[in-house]
Amino acid sequence: MIKPSDIRPRLIDVINVLERTLLQSRHETSPAEAASQEAGDWSFTYLPSQGMFQDQARAVWMTAVRRQVPVAWLVQTHPALDTLSNFLCCHARVSPELIAEGRVSEEDFESLTRVCGLIASSPLRICDTKTTEDFLEATSSLARENQEVCVVCDWAFSDEEQEHARRLAERSPLTFLVAGY
């Protein structure tokens, strides 16, 4: 079942890759190469649609972290771990490229861990929704919870997705923030 998950296990995945990357910077293997091998070809990467991502990241931060309003971040454009790592870097003000190269200062690391703590204590959930069916399942699951949730989606909806979101917004306490609208 596709369901937005608690953010903490995903943050642990991000922290593990960060730790491996930084530890590998002290060894022969390139940090990005080692982290990629360890994490199944996942590492800190810069998202190409950075402008749109930053707008969404700002909205998610203000809603979930600052205001403590439940947010379900449904991602399709990029994998959830890439989205989360960039979200962390964006708010810690640390370049993903520096992490990938293993050139993170003590101050950067402190900033990353501080922001990690803020994110972990927020009511943020994240979910990979690669298909329309995944989206329908995840949002239906959220609607059954019958609590106010801001659903943030990183792609422009198809007609079917838009109609489904409209119906759910009418009969449940879900609100939607969608890329491109």
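The values are calculated or read from the model by the stated rules, or taken from the named source; none is laboratory data. Computed from a prediction, not measured in an experiment: that's the story for all the values here. Counting neighbours? That spans all protein chains shown, and the Cβs are built from the backbone with ideal geometry, glycine included.
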Residue check, ASP108 acidic (Asp, Glu) and under 9 Å from the mean Cα position of the chain (by Cα): no
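If we scan region 142-159, do we find a residue that is outside any helix (DSSP H, G or I), without any contact (Cβ under 8 Å) to a residue 40 or more places away in the chain and closer than 25 Å to PRO9 by Cβ? Please lay out each step first, then the result.
So the first thing to find is which residues in region 142-159 are outside any helix (DSSP H, G or I), and the list is 146-158.
From what is left, the residues that are without any contact (Cβ under 8 Å) to a residue 40 or more places away in the chain are 146, 156-158.
When the remaining residues are screened for being closer than 25 Å to PRO9 by Cβ, the result is 146.
The answer is yes; a qualifying residue exists.
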Residue ID - surrounded by the fewest Cβ atoms within 10 Å (Cβ to Cβ), chosen from residues in region 160-181 that are free of Cβ contacts under 8 Å to residues at least 12 places away in the same chain and closer than 21 Å to PRO70 by Cβ: GLU170
From ILE99, ILE126, ILE119, residue being in contact with a Leu (Cβ under 7 Å, 6 or more places away or on another chain), more than 17 Å from ILE7 (Cβ to Cβ) and in contact (Cβ under 8 Å) with a residue 12 or more places away in the chain: ILE99
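So, in region 50-72, of the ones that are surrounded by 14 or more Cβ atoms within 10 Å (Cβ to Cβ) and among the polar types (S, T, N, Q), which residue ends up modelled with the highest pLDDT?
Of region 50-72, the ones surrounded by 14 or more Cβ atoms within 10 Å (Cβ to Cβ) are 52-54, 56-57, 59-61, 63-65, 69-72.
Okay, now just the ones that are also among the polar types (S, T, N, Q), so 54, 56, 63.
Working: GLN54: 84, GLN56: 90, THR63: 95.
If we take residues in region 50-72 being surrounded by 14 or more Cβ atoms within 10 Å (Cβ to Cβ) and among the polar types (S, T, N, Q), then THR63 is modelled with the highest pLDDT.
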